[in-house]
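The values are calculated or read from the model by the stated rules, or taken from the named source; none is laboratory data. None of these values were measured; they are calculated from a predicted model. Cβ: placed from backbone, ideal geometry, glycine included. Neighbour counts: every protein chain shown.
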Amino acid sequence: MKLLTQEQAAEVIRRAVGKTGQHEFAREHGISQAIVSTSLTGARLPSPALLNVVGLEKVIAYRRKAEPR
């Protein structure tokens with residue numbers, strides 16, 4: 001499973017929106033255009049509905065801190 005950064009997830013959304021535009025994309029999928037817009041700008045995290053439309057899911061990951069030198 002490859003993890004994506006928020007910026008990479010926004011790029012997946014951007015590609016899905018494509019040339020149809022945010023309003024049309026949102027209307028076609030029953031999602032608020034504001035959710036699409038704020039997800040693309042990074043102002044808010046994508047909603048579960050938007051993630052589902054573009055084939056992504058939110059996961060929480062943890063990792064160990066690097067040992068101090």
Report summary line: In the stretch 12-34, residues that are under 10 Å from the mean Cα position of the chain (by Cα) and more than 20 Å from Ala61 (Cα to Cα) total 2
Report summary line: Lys19: passes all of (1) without any contact (Cβ under 8 Å) to a residue 24 or more places away in the chain; (2) assigned to a loop (DSSP other than H, G, I, E, B); (3) surrounded by fewer than 16 Cβ atoms within 10 Å (Cβ to Cβ); (4) not polar (S, T, N, Q) but (2)
Query raised in the report: Can you name the residue in the stretch 41-58 that is part of a loop (DSSP other than H, G, I, E, B), aliphatic (A, V, I, L, M) and within 12 Å of Ala9 (Cα to Cα) and is also modelled with the lowest pLDDT among such residues?
Result: Leu45
Query raised in the report: What do you reckon, is Ala66 of a type outside the set (Asp, Glu) and either exposed (fewer than 13 other Cβ atoms within 10 Å of the Cβ) or in contact with an Asp or Glu (Cβ under 7 Å, 6 or more places away or on another chain) (or both)?
Result: yes
